[in-house]
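Only one structure is covered here, and it is reproduced in the block below.
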């Protein structure tokens, strides 16, 4: 066993629930442990809608990446807090539209790293950074080995800012600002996260009692992440309502998203 594999194994704590693995469980995946399933089930009991939220967020990933790689002409993606791979990953969607698209994934779950190694064997240009979103400078430095930061980049922040507390240093607004400062005009910011309601607040309290943390924000706070950017229609809206696929009848959920272009 190499030293890197040994370090990976030591970090892989099956007794500690992790948001990426809980999310994987809600999506029907098998890359999770008993601790993750226990918290996932506890949250589902008080907030059954969470499974719909997980699926709606995954569907949004597909719609927004197809838009970015297609209509918007983006060829570089920095996917922060990517989570565990499942059908329709960012690189698969982007490179199906534009084979020359480059994708860099970022996550700090050791199990995600194990799966990411398999993803990197595909024909497209894909990389993975094992890092925490609280370190934008380190992530940007590593991502620069694959991405050209003189050209537009899509900053994908789907479900990651909820893992950052307002009291953290850097906090969520500063993290967003640091990443935006590093990318040129024509880049995009994509944010998707649950918003605070009585139901979601109870779900978070339940998750915290089981050892998994999350931080909810208001719709107004989510809008604040896009300050100074050109927010695309329909604005910051319930995720299923962002440019839904034709012939679908989406329903609003307590998860919101927005897409904006850096002028």
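Every number in this text was worked out from the coordinates using simple rules, so none of it is lab data. Keep in mind that what you see is a predicted model, and the values were worked out from it rather than measured. Cβ atoms come from the backbone with ideal geometry, glycine included; neighbour counts cover every protein chain shown.
At a glance:
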{"read-out": "Calculated FRET efficiency for the pair residue 145/residue 117, C-beta based, R₀ 22 Å, to 0.05", "value": "0.85"}
{"read-out": "Computed [θ] at 222 nm, helices only, for the chain once each DSSP H run of length n ≥ 4 contributes -39500 (n - 2.57)", "value": "-12000 deg cm²/dmol"}
{"read-out": "Förster radius 25 Å - calculated FRET efficiency between residue 248 and residue 97, Cβ distance, rounded to 0.05", "value": "0.80"}
{"read-out": "The chain, relative contact order [Cα under 8 Å, separation at least 6], %", "value": "19"}
{"read-out": "The chain: antiparallel DSSP beta bridges as a percent of all, rounded to 5", "value": "35"}
{"read-out": "Of 101, 177, 69, the one that fluctuates the most in a GNM where the chain has Cα springs shorter than 10 Å", "value": "177"}
{"read-out": "Cα gyration tensor, the stretch 41-101 - rounded (a/c under 1.5), prolate or oblate", "value": "prolate"}
{"read-out": "Highest-MSF residue in the chain out of 57, 19, 209 [GNM, Cα springs under 10 Å]", "value": "209"}
{"read-out": "Extension gain, residue 201 back to residue 45 (0.36 nm per residue minus Cα-Cα distance, nm)", "value": "54.8 nm"}
{"read-out": "Relative frequency of Cα-Cα separations exceeding 28 Å in the chain, percent", "value": "30"}
{"read-out": "Length-normalised contact order for the stretch 187-263 - Cα pairs under 8 Å, 6+ apart - percent", "value": "44"}
{"read-out": "Two-site FRET efficiency, residue 177 against residue 216, from Cβ-Cβ distance with R₀ of 25 Å, rounded to 0.05", "value": "0.75"}
